[in-house]
1. Being basic (Lys, Arg) and either within 16 Å of the ligand (Cβ to nearest atom) or within 16 Å of Gly117 (Cα to Cα) (or both) is the filter; apply it to the range 32-50 and report the residue that is surrounded by the fewest Cβ atoms within 10 Å (Cβ to Cβ).
2. Which pairs have Cβ atoms under 6 Å, sit 6 or more apart or on different chains, and link a residue in the range 104-127 that is farther than 17 Å from Ala52 by Cα to one that is surrounded by fewer than 14 Cβ atoms within 10 Å (Cβ to Cβ) and not aromatic (Phe, Trp, Tyr)?
3. Pick from the range 1-21 the residues that are in contact with a helix residue (DSSP H, G or I) (Cβ under 9 Å, 6 or more places away or on another chain) and charged (D, E, K, R): which of them is surrounded by the most Cβ atoms within 10 Å (Cβ to Cβ)?
4. Considering only the range 54-76, how many residues are crowded, with 23+ Cβ neighbours inside 10 Å and under 17 Å from Val88 (Cβ atoms)?
5. Take the residues in the range 77-99 that are farther than 17 Å from Ile8 by Cα and in contact with a helix residue (DSSP H, G or I) (Cβ under 7 Å, 6 or more places away or on another chain); name whichever of them is surrounded by the fewest Cβ atoms within 10 Å (Cβ to Cβ).
6. Residue check, Tyr10 against (1) within 16 Å of the ligand (Cβ to nearest atom); (2) over 11 Å from the mean Cα position of the chain (by Cα); (3) of a type outside the set (A, V, I, L, M, F, W, C), all met but one. Which one?
7. Condition first: more than 9 Å from the ligand (Cβ to nearest atom) and over 24 Å from Leu46 (Cα atoms). Now tell me which residues in the range 89-131 satisfy that.
8. Look at the range 64-88 and say how many of its residues are away from the ligand (no atom under 13 Å from the Cβ) and of a type in the set (Gly, Ala, Ser).
Amino acid sequence: MKETKILIVYDSRTGNTEKMAFAVAEGVKEMNGSTAIVKKVDETKLDDLLKADGIIIGSPTYYGQMSSKVKELFDESVKIHGKLTGKVGAAFTSAGGTATGAETSILSILQAMLVHGMIIQGRADNKHYGVACVNAPDEGAVKLCRELGKRTAGLVAKLVKG
Ligand SMILES: Cc1cc2nc3c(=O)[nH]c(=O)nc-3n(C[C@H](O)[C@H](O)[C@H](O)COP(=O)(O)O)c2cc1C
């Protein structure tokens with residue numbers, strides 16, 4: 001059975017989004033046959049994106065959008081435009097408050113993924129677009145991050161293994 005690779009890319013200046021990234025990775029590992037690879041955004045190469053079956057990106061909320069480092073990776077990814085089509089994507093963010101731009105930040109990441117032709121799964125319950133938390137993730141947010149990782153890995157497994 002093919003092992004699926006889920007790449008978790010994150011930016012984090014003060015460590016909050018980083019904590020979320022590692023919780024997402026724990027969730028990915030709960031799905032049998034899924035490998036989680038966690039990378040800082042400035043250490044992520046285009047080849048890492050190409051090799052992944054699923055790509056989950058986390059950014060701090062900066063002015064209601066993804067950080068410039070995450071945007072830089074997307075802008076760089078024009079070199080492989082068309083080659084991420086059909087890969088599964090998901091996003092998460094840490095913000096400084098509630099209703100202060102977290103959802104728009106997540107959507108800014110998902111929007112770029114859609115332009116790449118990636119597949120995004122919404123969530124019918126709470127946290128429809130991805131996981132957002134205020135500052136460092138509390139226990140509830142950590143659980144949601146794990147669920148995001150596991151659910152994304154589950155969708156990847158369905159698509160890759162049939
Ligand atoms: C340049 C900058 C812009 C920010 N813009 C927002 C914002 O629009 N809304 C918000 O809620 N928090 C904003 N924040 C706060 C961060 O999103 C918040 O501190 C987050 O937890 C940082 O995540 P990190 O620890 O992973 O760096 C901003 C912080 C910085 C440094």
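The values are calculated or read from the model by the stated rules, or taken from the named source; none is laboratory data. The shown structure was predicted, so the numbers you read here are calculated from the model rather than taken from an experiment. Cβ placement follows ideal geometry from the backbone for every residue including glycine, while neighbour counts extend to all protein chains displayed.
1. Out of the qualifying residues, it is Lys40.
2. Close Cβ pairs satisfying both conditions: Gly122/His128.
3. Step by step, filter the range 1-21, then rank; the result is Asp11.
4. 5
5. The residue in question is Lys79.
6. Checking Tyr10 against (1) within 16 Å of the ligand (Cβ to nearest atom); (2) over 11 Å from the mean Cα position of the chain (by Cα); (3) of a type outside the set (A, V, I, L, M, F, W, C), the one that fails is (2).
7. Matches in the range 89-131: Glu103, Gly122, Arg123, Ala124, Asp125, Asn126, Lys127, His128, Tyr129, Val131.
8. Of the range 64-88, the ones away from the ligand (no atom under 13 Å from the Cβ) are 72-88.
Adding the requirement that they be of a type in the set (Gly, Ala, Ser) leaves 77, 82, 86.
Matching residues across the range 64-88 total 3.
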